[in-house]
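Beneath this line is the structure, given in C-alpha cells, with notes to follow.
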Amino acid sequence: MDQHIAEAIGRPDLIRLDDRLVCLRFETMKVVSALAAVRHLLDTGAVRRGDTLLDSSSGIYAYALALACHRHGMRCHIVGSTTVDHTLRTQLAVLGATLEQMEPCSDLKLDQKRRVERIHEILAAHPEYHWMRQYHDDIHYLGYRAIADRVREATGADGLTVVGGVGSGASTGALARYLREGPDGRAPSDVELVGVQPYGSVTFGAEHVSDPEIIIAGIGSSIPFGNVAHELYDTLHWISFAAALAGSVDLLRRHAVFAGLSTGAAYLAARHERERAPERTALFIAADTGHRYVDTVFARHTEAAPLAALTPQDIQNQGELTLPWSRMHWNRTPTATAVGRASIDSGSASWRSTS
C-alpha cells in the first residue's frame with residue numbers, strides 16, 4: 001500500500017497499443033524524479049526536513065516538487081512561468097507551496113531568463129534555500145531506475161527503441177542509461193534512444209527555426225540545459241505543434257489514450273521508428289494527461305491532419321531542418337558542436353552534477 005498519493009501518481013502504466021508499440025503512460029511524470037531527488041537529498045544530509053526547496057517551472061515540475069515536499073515535510077518555493085494555470089495555482093496554494101508567477105510574456109526565452117534571474121535573487125536573500133536545479137542536476141535521473149526495471153520486466157529490453165521528449169534529459173536519458181545496463185549491470189541491452197524536440201529548442205541546435213504556432217513546452221528549451229547527455233541519443237525528431245496535435249488527436253481516437261502534446265509528438269515518432277525497424281519494439285513516453293490541452297489541442301481535433309499525410313524529412317544536419325517534421329541520425333554524438341553547430345554554451349559543463 002502506498003504511503004502517500006505522490007507514490008501512486010508517479011507509478012506509470014504500461015499499455016500495449018499495437019504490435020511492437022507500447023505506451024509508458026504517466027499521470028504526471030516528473031513526480032518520479034522529484035520524489036527520488038528529495039529522498040536522496042535527505043538521505044545524504046544535503047537538506048533536512050523543514051528546509052525550503054526552490055526551483056523554476058512551467059507547470060508540471062512545480063506540482064511534482066510540491067507533492068514531494070508534502071510527502072517529506074519540506075517547504076516549497078516555485079518561480080512559475082506565465083503558463084501556470086488557475087487549476088495548478090490553486091493546487092499549489094492548498095498544498096502549502098509558495099508560487100511567484102512571472103508577468104505575462106509571449107517570448108518563452110525571455111520568460112525562462114526572467115525566472116532564472118529571480119531564482120538567483122531569492123538565493124541571494126535566502127542562502128539557506130536549496131535550489132533543485134531540475135534542468136542542470138542529474139540527481140533527477142535517479143527515480144527512473146525503478147521504471148527501467150519495470151520496462152525491462154515487461155518488454156525484455158533487447159531490441160527496444162525508447163522514444164520521448166528530451167526536455168531536461170532526465171526521463172529519456174535515464175531510462176536509456178538504466179535499460180542499457182542490462183538486468184545484471186554487466187551485460188548491455190540492445191536499447192536505442194530517440195529524442196523528440198520542438199523547433200526553436202537550443203538543446204540539439206534548432207534555435208534558428210521557429211514554429212509558427214508555439215514551442216512545445218517540456219520537451220525543448222530556449223536556454224541550455226546542463227543535464228542532457230547528448231551521447232545517449234541515437235536519433236532525433238523535430239516535430240511542430242501542428243504535427244504533434246495530429247498525433248495527440250489520433251492517439252485518443254485510435255487508442256483512447258488522453259495525453260498531452262509532447263505525447264502526441266512522441267507517438268508520431270514511435271510509429272515511424274517501428275515502421276523503419278519492424279523487428280524492434282517501440283516504447284514511447286506519455287508524460288502527462290491531456291487535461292491541460294483541451295482548449296489548445298483537442299478542441300481543434302477537426303484541424304488534425306491524418307497521420308498518413310505526415311512523414312518526416314530525413315536530414316543530415318540542422319541546417320536542413322524543415323517544418324513540420326524532421327528526422328536526423330544523432331549517433332550518440334557527445335555534444336551538439338560535433339554535429340556541425342556552434343557551441344551553445346561554453347560553461348554548460350560546469351552545471352553537471354556528480355550525483
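The values are calculated or read from the model by the stated rules, or taken from the named source; none is laboratory data. What you see is a predicted model, and the numbers here were worked out from it, not measured in a lab. Positions of Cβ are generated from backbone atoms using ideal geometry, with glycine treated the same way; all protein chains shown enter the neighbour counts.
Worth pointing out:
- Count - residues of segment 182-200 that are surrounded by fewer than 18 Cβ atoms within 10 Å (Cβ to Cβ) and either within 20 Å of Glu275 (Cβ to Cβ) or without any contact (Cβ under 8 Å) to a residue 24 or more places away in the chain (or both): 6
- When Ala125, Ala174, Ala170 are screened for being without any contact (Cβ under 8 Å) to a residue 24 or more places away in the chain, closer than 25 Å to Ala46 by Cα and among the small types (Gly, Ala, Ser), only Ala125 passes.
- Within segment 295-325, being aliphatic (A, V, I, L, M) and surrounded by 11 or more Cβ atoms within 10 Å (Cβ to Cβ) holds for Val297, Ala304, Ala305, Leu307, Leu310, Ile315, Leu321, Leu323.
- Check on Arg253, more than 30 Å from Val84 (Cβ to Cβ) and among the basic types (Lys, Arg): no
- Scanning segment 244-261 for residues that are part of a helix (DSSP H, G or I) and hydrophobic (A, V, I, L, M, F, W, C) turns up Ala244, Leu245, Ala246, Val249, Leu251, Leu252, Leu261.
- Count of residues meeting criterion [buried (at least 21 other Cβ atoms within 10 Å of the Cβ) and farther than 27 Å from Arg271 by Cβ] in segment 1-30: 1
- Any chance Val116 is over 18 Å from the mean Cα position of the chain (by Cα) and closer than 22 Å to Val32 by Cα: no
- Each residue in segment 153-168 was checked for being in contact with an Asp or Glu (Cβ under 9 Å, 6 or more places away or on another chain) and surrounded by fewer than 23 Cβ atoms within 10 Å (Cβ to Cβ), and 2 of them qualify.
- Scan of segment 4-52 for residues that are touching a residue at least 40 places away in the same chain (Cβ under 8 Å), of a type in the set (A, V, I, L, M, F, W, C) and over 26 Å from His136 (Cβ atoms), ordered by number: Ile5, Leu14, Ile15, Leu17, Leu21, Val22, Cys23
- Residue match in segment 74-87 (condition: part of a helix (DSSP H, G or I) and outside the structural domain of Tyr199 (by TED's automatic domain parsing)): yes
- Among the residues of segment 155-178, those that are over 10 Å from the mean Cα position of the chain (by Cα) and on the phi > 0 side of the Ramachandran plot comprise Gly156, Ala157, Gly159.
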